[in-house]
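Comments concern the structure below.
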Amino acid sequence: MKLSLASFLVAAVALQPALSVRTNSLLIDPAALPALPSAQQAASASADVGLNLTNIQGDILIGMKKNKELFFFFTIVNPTLFRSQLGSGILPLITPTSQLLAVDTQPTTAVNIAFSQRGLNALGITDDLGDTAFTNGQIDNVATILGDETSNWEPAFAGTGIHGVFLLASDTIDNVNATLSQVQNILNGSITEAYSLQGQARPGDEQGHEHFGFMDGISNPAVTGFSTPLPGQQVLDPGLFLLGESGDLVSRPSWAKDGSFLAFRQLQQRVPEFNAFLVDNALSNPNLTADQNAELLGARMMGRWKSGAPVDLAPTVDDPVLAADPQQNNNFNYTHPGFDEATDQTHCPFSAHVRKTNPRSDLNPEDTANHIIRAGIPYGPEVTDAENASNVSSTDPSLERGLAFVAYQSDINNGFAFLQQNWANNANFIFGKATPPGIDPIIGTGGLGQADVPRTPSGLDPSDPTRIITINQDFVVSRGGEYFFSPSLSAIQNTLSLGA
Ligand code: N7H
């Protein structure tokens, strides 16, 4: 006899490995990042638009707040056994959004699961989910659309063995590992490990900052029915991120409702090389020291200071108070009274990473189709003294560091893939500017399928916006990834655990 979803959710709480009620959050909460809605706020917002937060997996709407997160990529080797264990044993462990919003309802380890098209095929699910990028897999659009050099790809991503991924998030790696053992015991040999990547927030004051040093996760869209918008935050329909919700215009199988497409990318960051580039090409503001001029160049490449303060509001000097205030730190749109948006780069360069990936008022009307919810986490250790001294990243694989990039959207070709191909990698975007902006200096690739092809962004030097500062190397190197579908809890129960 099948259990109802409600009884599964009760069982989910009961079956968590440590039964004690949490007293500290499993999420991080740096002052600069938007707070999650309280359970009550989210319940009343979701009631207005009919979002079912007990049915939507928890990772999709919460943004970049994970402390430790293991990405465990698996191959399904016994589909029948997997399907039976998924429904009876794994579903009670899956963490819905509602459970993450209050500390005392959080599990010891949050468990989410997502499937690649190959994984759905292995389960006998033949429905077309309506997303060609997902259907074809990330490797299919890698060289032409994303611009990756495939030789840099981790072999597991280039192969055919990734059927799905568990996302296991907690405040300690011990908790994550204990939950992984529990999951593997339940699945009883029906999956094998294809690859795994351990993500973790950086230590101490760097918590919330990615490996180049910048606070990350400040700007994600507000989602109608979930979050209360902060000043400057764009409010978007839930259907941009959740299949079958208001604003999703594609026809989907009914069971796919409240699922989301997850674009995963392992993006290596060459931190010593990035730092050396900033020093070697430091700007020349006479009122700043050499170090400050190097910082300024980095801030202009990013569009934010390391603190998180946007250069559009703090153009020459960092403002840590502004940075730490979510009421202010996203409240900008690149317009300023008396300044011409087609020529003015004194505040923020047209090529800055945050402007290329979210042009705000540069597009009129503001774009509402091409957005993602970013939910990634840094991976890998801190830079070593030897790397700092040599300005070169170690080739020791255990010292690789970067961003385990996660983006959620209801349409990958309008979301992650669009942002990378049409905006970041397109030298002419943002269109209509007096000086072509050039390729994104952080994540853009200068030659499709080739590494280290020079990029020539303009606008980085505020004293001469036409000056080109040539970037001869990639500071972010794609090590591959895959596209997944993160189903709702009811889809896991009623469709995936049964198969076709
Ligand atoms: Fe980016 N970084 O930490 O250096 N990103 N990003 N990103 N990114 C943003 O506003 C970074 C990547 C977006 O709404 C910030 O939260 C790094 C890809 C979007 O104003 C910082 C990597 C794509 C935004 C970084 C990386 C995007 C954004 C500012 C790779 C999509 C919001 C903090 C290693 C294709 C823009 C913040 C807005 C912001 C970093 C990758 C997209 C600091 C290191 C691949 C949409």
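Results, tabulated for the structure shown:
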quantity: Members of region 298-315 found to be within 14 Å of the ligand (Cβ to nearest atom), closer than 20 Å to residue 344 by Cβ and not in a strand (DSSP E or B), listed by number; calculated: 299, 300, 301, 302, 303, 305, 309, 311, 312, 313, 314
quantity: Residue within region 419-426 that is open to solvent by 30 Å² or more (accessible area, probe 1.4 Å), over 17 Å from the mean Cα position of the chain (by Cα) and within 15 Å of the ligand (Cβ to nearest atom) present; calculated: yes
quantity: Residue count for region 230-261, restricted to those that are within 16 Å of the ligand (Cβ to nearest atom) and in a loop (DSSP other than H, G, I, E, B); calculated: 6
quantity: Residue match in region 250-265 (condition: touching a Lys or Arg at 6+ places or on another chain (Cβ under 7 Å) and within 22 Å of residue 94 (Cα to Cα)); calculated: no
quantity: Residues of region 207-229 that turn out to be more than 12 Å from the ligand (Cβ to nearest atom) and in contact (Cβ under 8 Å) with a residue 40 or more places away in the chain, as a count; calculated: 7
quantity: Residue 253, sole failed condition from (1) surrounded by fewer than 24 Cβ atoms within 10 Å (Cβ to Cβ); (2) within 22 Å of the chain's Cα centre (by Cα); (3) not charged (D, E, K, R); calculated: (2)
quantity: Hits in region 369-401 (condition: on the phi < 0 side of the Ramachandran plot and within 12 Å of the ligand (Cβ to nearest atom)); calculated: 370, 371, 372, 373, 374, 375, 376, 377, 378, 379, 401
quantity: Among the candidates 364, 293, residue that is of a type in the set (S, T, N, Q), away from the ligand (no atom under 14 Å from the Cβ) and part of a helix (DSSP H, G or I); calculated: 293
quantity: Flag for residue 386 being under 23 Å from residue 432 (Cα atoms) and open to solvent by 40 Å² or more (accessible area, probe 1.4 Å); calculated: no
quantity: Residues being more than 7 Å from the ligand (Cβ to nearest atom) and not hydrophobic (A, V, I, L, M, F, W, C) - total across region 348-359; calculated: 5
quantity: Count - residues of region 105-121 that are surrounded by fewer than 22 Cβ atoms within 10 Å (Cβ to Cβ) and out of contact with any Ser or Thr (no Cβ under 8 Å at 6 or more places or on another chain); calculated: 1
quantity: Matching option when the condition is farther than 24 Å from residue 117 by Cα, open to solvent by 20 Å² or more (accessible area, probe 1.4 Å) and of a type in the set (A, V, I, L, M), among 178, 222; calculated: 178
quantity: Output for region 463-473, where each listed residue is surrounded by 20 or more Cβ atoms within 10 Å (Cβ to Cβ) and either in contact with a Leu (Cβ under 8 Å, 6 or more places away or on another chain) or aromatic (Phe, Trp, Tyr) (or both); calculated: 469
quantity: Count - residues of region 427-455 that are at positive phi and crowded, with 18+ Cβ neighbours inside 10 Å; calculated: 1
quantity: Filtered residue count, region 374-383, keeping only those that are buried (at least 23 other Cβ atoms within 10 Å of the Cβ) and closer than 22 Å to residue 248 by Cα; calculated: 1
quantity: Tally, over region 316-347, of residues that are away from the ligand (no atom under 12 Å from the Cβ), surrounded by 19 or more Cβ atoms within 10 Å (Cβ to Cβ) and touching a residue at least 24 places away in the same chain (Cβ under 8 Å); calculated: 2
quantity: Per-region count, region 276-315, residues touching a Phe, Trp or Tyr at 6+ places or on another chain (Cβ under 8 Å) and open to solvent by 30 Å² or more (accessible area, probe 1.4 Å); calculated: 3
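Conditions tested, residue by residue: (1) assigned to a loop (DSSP other than H, G, I, E, B); (2) over 16 Å from residue 473 (Cβ atoms).
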{"position": "381", "(1), (2)": "yes, yes"}
{"position": "386", "(1), (2)": "no, yes"}
{"position": "398", "(1), (2)": "no, yes"}
{"position": "408", "(1), (2)": "no, yes"}
{"position": "421", "(1), (2)": "no, yes"}
{"position": "431", "(1), (2)": "yes, yes"}
{"position": "436", "(1), (2)": "yes, yes"}
{"position": "443", "(1), (2)": "yes, no"}
{"position": "452", "(1), (2)": "yes, no"}
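The values are calculated or read from the model by the stated rules, or taken from the named source; none is laboratory data. Only a predicted model underlies this, so the values are computations on that prediction, with no experimental measurement involved. With ideal geometry, Cβ positions are generated from the backbone for all residues, glycine too; neighbour counts draw on all protein chains shown. Just the protein is used for accessible areas: all its heavy atoms, side chains included, with ligands, DNA and RNA removed. Shrake-Rupley method; radii C 1.70, N 1.55, O 1.52, S 1.80 Å.
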